[in-house]
1. Students often get this wrong: which residues of the stretch 266-292 have the backbone nitrogen under 20 Å from the point 7 angstrom along Cα-to-C-beta of residue 217?
2. Tell me the label only: which of (i) 72, 69, 47; (ii) 101, 62, 49; (iii) 106, 65, 57 is Cα extents along the principal axes in Å as calculated from this structure?
3. List residues of the stretch 427-470, by number, whose backbone nitrogen lies under 20 Å from a label position 7 Å along Cα→C-beta of residue 231.
4. Which value in nm describes the separation of the simple spin-label points at residue 13 and residue 494, placed 7 Å from the Cα toward the beta carbon?
5. Highest mean first, what order results for 110-121, 452-463 on Cβ atoms within 10 Å?
6. Would you calculate the separation in nanometres between label points at residue 30 and residue 321, each defined as 7 Å from the Cα along the Cα-to-beta-carbon direction?
7. Checking the a/c ratio against 1.5 first, then a/b against b/c, what shape does the Cα gyration tensor give for the stretch 68-401?
8. Rounded, prolate or oblate for the stretch 274-396? Axes are the square roots of the Cα gyration tensor eigenvalues, ordered a ≥ b ≥ c, and the cut-off for rounded is a/c under 1.5.
């Protein structure tokens with residue numbers, strides 16, 4: 001007889017999966033942000049929602065999430081995966097162009113907002129240490145919700161998106177010294193705080209340097225070996241190992257786990273495996289981000305707000321207003337763009353998830369009184385609930401006030417090769433290499449995709465912009481930028497693969513031009529039926545080329561031979577299309 005399954009052990013996981021499954025179609029039906037849907041689910045299922053009624057209605061304990069600490073630990077990996085994806089979409093070169101915004105604007109935002117909010121706490125009667133910690137915590141913004149809101153509206157690549165990301169990146173870096181500061185204030189030991197800061201920063205720099213050095217040396221050979229096994233399961237396991245491993249490594253070094261994942265993403269962004277890795281981890285990122293948003297919603301104490309509405313809502317409103325005004329002024333100072341400043345200020349005005357970490361740590365060390373910490377946490381959670389709405393208002397304001405020519409180079413992020421108006425060549429064999437060479441000779445921007453690891457490695461060494469991946473998957477084509485591509489050229493010789501690529505491409509971008517290699521006339525007719533712009537049957541094309549050479553060598557002038565072959569090629573193409581149309585009902 002099998003042992004009884006302890007339902008309580010799996011209850012929270014089942015609730016999260018059920019809630020996520022119900023929330024996604026509901027928010028689509030209501031046309032609201034998925035982030036708001038998950039936050040609302042967390043507020044209802046958390047200890048401050050239905051959990052408050054368990055004493056009166058015991059059956060509700062099966063409908064509430066009880067292990068909030070476990071949820072928070074799992075939810076942190078949602079931010080980890082999000083930062084990894086952001087890192088892999090960037091590159092070291094792009095990050096370097098953002099250095100003025102990261103270390104200039106980001107530093108100014110944290111210091112200025114922290115000082116202003118801390119002063120407000122001091123004027124309200126808080127002690128110096130209390131004001132310093134609360135001000136610093138409230139100065140931080142939500143990396144997860146802001147970036148997800150920008151990605152949802154396809155605004156992450158805009159100037160406001162890059163500016164906001166730069167500030168958020170510095171805030172993640174600032175968490176390390178801020179946690180050290182809380183520890184020093186809580187320990188109240190004698191000694192040099194400046195020395196402690198230097199040691200903490202030195203440890204952080206050393207940890208990052210080690211990760212970068214190992215990553216640059218090991219990641220590309222590692223994924224080359226994994227990809228050579230041609231096992232999707234092994235590739236997925238390797239991708240998860242890199243993301244989670246680097247996150248845990250930086251966490252063990254005292255840094256934030258999302259920062260480690262971001263660095264790993266940056267390292268992999270330079271490799272030929274970046275798009276395949278993105279496809280593999282996308283489901284994990286979506287699920288874990290949903291868990292994160294639910295965990296944030298669980299912190300919204302609806303009853304506490306009802307008991308102290310003036311204090312909590314007033315603190316939340318004051319924090320958002322102060323931060324919004326300061327961020328607007330700083331962005332104008334650094335970039336001069338009114339539209340960018342407006343959108344960035346609305347995005348960065350609310351609080352963030354790291355405020356919970358700082359305030360909880362400060363309360364545990366008695367740096368901040370527990371009741372005050374609870375109010376600050378509740379106010380922060382309330383502000384985070386309104387980020388999707390503020391993001392939408394920011395996008396509307398940016399569209400209304402946008403004026404070209406007012407942004408510095410670091411805010412005007414130019415697309416990398418293969419991001420916009422490019423051609424996508426599927427296959428890097430004999431035909432694909434020739435097509436790529438012809439495109440390069442005419443300075444046509446393009447990227448090449450192939451599934452053979454040895455081919456990708458060899459062509460990369462020769463400077464070709466080729467990536468490893470399976471183009472028969474819709475998500476992979478999307479990550480290759482098919483929505484903005486000028487055309488899709490399919491050169492692989494497997495007819496089933498060609499057909500599937502055409503179907504997926506047409507499903508994503510119905511109007512895209514597709515030029516495909518066909519095995520014979522029958523396959524060409526089939527491809528025309530699928531919607532390709534031009535199909536090239538190998539047998540017919542070989543015959544035409546042989547005919548052209550024969551005519552020239554038998555004395556026909558070159559111009560006449562080329563014209564004759566061209567006319568015959570058009571005749572074949574029209575016949576194939578007509579035969580396909582005639583067979584269709």
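1. Zone members listed by number: 266-271.
2. Evaluating Cα extents along the principal axes in Å on these atoms matches (ii).
3. Hits in the stretch 427-470 for residue 231 at 20 Å: 451-454, 469-470.
4. 3.4
5. Highest mean packing first, the order is 110-121, 452-463.
6. Roughly 2.8 nm, to one decimal.
7. Prolate is the answer for the stretch 68-401, as a/c is 1.5 or above and a/b outweighs b/c.
8. In terms of gyration-tensor shape, oblate.
Readers should treat all values here as calculations from the given coordinates under stated rules, not as data from a laboratory. Here the structure is a predicted model, which means the values were calculated and not measured. Cβ sites come from the backbone with ideal geometry, for glycine too, and all protein chains shown count toward neighbours.
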